[in-house]
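Q: This is the structure I want to talk about, given as structure tokens.
Read-outs throughout are calculated quantities, based only on the coordinates presented, and are distinct from any laboratory measurement. Remember, it's a predicted structure, so these values are computed and weren't measured experimentally. Glycine gets a Cβ as well: all are built from the backbone with ideal geometry, and neighbour counts include every protein chain shown.
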Amino acid sequence: MTLDRISRRVGAIAPSATLAVSNKAKAMRAAGENVIGFGAGEPDFATPQHIVDAAIAACADPAMHKYSAVGGLPELKEAVAAKTMRDSGYGCEASQVLITNGGKHAVYNCFEALLNPGDEVLLPTPYWTTYPEPVALAGGVTVPIITTAEGGFRASVEQLEAARTENTKALVFVSPSNPTGAIYPRDEIEAIGRWAVEHDIWVICDEIYEHLVYGDNEHYSMATLVPELGDKVIILNGVAKTYAMTGWRVGWMIGPADLIKAAQNLQSHSTSNVANVAQAAALAAVTGPLDAVYEMREAFDRRRRTMHSLLSGIEGVLCPEPEGAFYAYPDFSALLGNEIGGRRIDTTLDLADILLEEAKVAIVPGEAFGVGGGARLSFALGDDDLSEGVGRIADFLS
């Protein structure tokens, strides 16, 4: 018998398409090509100085040079609980908080602690590219819920009910959305929450873009609006997007005590504690002022409006106005099946490839997010690069 060199579970994992696009663009830049990248999901701002100063101080503290509690520094867990009440009105105890190595780690821990083989997870599309992989690793089954630009990229209760089976265990709910920038209004959040309560379904709320909302839109936490969810709601969050701290790798999950204990036991055998210096920085972030956050949001709002206007001006492109996060999600479906730049373009994968090769612009195709036809463009980059990059797309497509 020949044994597989790589485990089948891990061998089946698809690489992160967003990182793949970003890495290819970086490699082309390193080779001297003038590439503008819309792929990265991270702010282009420096981490606020008071957060950096807290990390510097922590580096000099001998207590920070040692192992600390697996679940997180007690003062950080308390601060996350307080911050959650401040920002979304949801009350929890520090014992319900697990500090993780970034938001992705929180997602992984969540599904490993929650799912059994065959459990189904409802996941509205387009979805963040990472979600299906830890579901599969945990033995679960992702059930895509198809949403459209015309419907605001929001799943309805009717769609969720049509997809529900006796094996449905959880719903992943993301608002504001990565990759679409869509935000669910209060009444739709309440309706979905009540549906989940009626059918005894867990809801996993990814709230990492909670502070990045624009115009008249507001962020609401389902856990607060529908308290009847009780101990079947999990909140995933972190410092990466709000405080421009993607590289610091600090996230968290909030949930019922038994689930958090199980996830902490798992973490004790995988990573142990998050780096103490990064936790000290996160503590300064969640307890400090939000002035820098508001300044970043103002810049993102300006870029959002610019990108929406430019993309909407391209013939054949439908671009809903982003309501939150820092992504636009234009629909290129009308352009597919045609010859562009001397090549037949049948998919958004094809389109992304030719735009990178010919126009020197990197976008992430919709296939990475579970459904083709659209693409994600981040507006977390400088104003000049944004205008130049979208201009290149418009010139090439015309």
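Q: So which aspartates and glutamates can Lys360 reach, going by Cα to Cα under 13 Å and dropping same-chain residues fewer than 8 places off?
A: Excluding near neighbours in sequence, the set is Glu33, Asp385, Glu388, Asp395.
Q: Turning to a different aspect of this structure: Given contacts defined as C-alpha pairs under 8 Å and at least six residues apart, what's the relative contact order of the chain, whole-number percent?
A: 23 percent
Q: Continuing with the same structure: Using Cβ contacts closer than 10 Å as the measure, can you line up Arg164, Arg9 from fewest to most?
A: Lowest to highest Cβ neighbour count: Arg9, Arg164.
Q: Using DSSP, restrict attention to beta bridges with both residues in region 49-287 and report what percent are antiparallel, rounded to the nearest 5.
A: Here the antiparallel bridges make up roughly 30 percent for region 49-287.
Q: Determine the principal axes of the Cα atoms in region 179-301, then give the extent along each, sorted from largest to smallest and rounded to whole angstroms.
A: 43, 43, 25
Q: So what are the three principal axis dimensions of region 105-234 from its Cα atoms, in whole Å, longest to shortest?
A: Result for region 105-234: principal-axis Cα extents of 42, 29, 26 Å.
Q: Using DSSP H assignments, which helices in the chain have an axial alpha-carbon span of 27 Å or above and a mean Kyte-Doolittle hydropathy of -1.0 or higher?
A: Sorted by number, the helices that extend far enough and score high enough are 291-312.
Q: Just rank His105, His269, fewest to most, by other beta-carbon atoms within 10 angstrom.
A: The order, fewest Cβ neighbours first, is His269, His105.
Q: Within region 1-98, list the chymotrypsin sites (Phe, Trp or Tyr not before Pro) lying in a DSSP loop whose Cβ has at most 16 other Cβ atoms in a 10 Å radius.
A: Phe45, Tyr67
Q: Who wins for biggest fluctuation among Asp44, Asp291, Asp301 in a Gaussian network model of the chain, springs between alpha carbons below 10 Å?
A: Greatest mean-square fluctuation among the candidates belongs to Asp291.
Q: Sticking with this structure for a sec: P(r) of the chain in 20 Å steps, Cα pairs, percent per bin?
A: Result, from short to long distances: 27, 58, 15, 0 percent.
Q: Same structure again: Once Rh is set to the Kirkwood radius over Cα pairs, what Stokes-Einstein translational diffusion coefficient, in µm²/s, holds for region 259-398 at a temperature of 4 °C and a viscosity of 1.567 mPa s?
A: Rounded, D is 73 µm²/s.
Q: Additional query: In a Debye calculation with equal point scatterers on the alpha-carbon sites of region 43-146 and no solvent, what is log10 I(q)/I(0) at q = 0.13, 0.14, 0.20 Å⁻¹?
A: Those come out to -0.72, -0.81, -1.16, one per q.
Q: Taking the alpha-carbon distance from Lys169 and a cut-off under 20 Å, which lysines remain once sequence neighbours fewer than 8 residues away in the same chain are dropped?
A: Lys232, Lys261
Q: Sum up the charges of everything whose Cβ sits under 10 Å from the Cβ of Leu318, counting Lys and Arg as +1 and Asp and Glu as -1, but leave Leu318 out.
A: -2
Q: Now for a different question. If you average the alpha carbon positions of region 1-41 and of region 118-139, how far apart do those two centres end up, in angstrom?
A: Using only Cα atoms to place each centre, the spacing works out to 19 Å.
Q: Right, next: Add -39500 (n - 2.57) for each DSSP H run of 4 or more in the chain, then divide by its residues: what number comes out at 222 nm, to the nearest 500 deg cm²/dmol?
A: -11500 deg cm²/dmol
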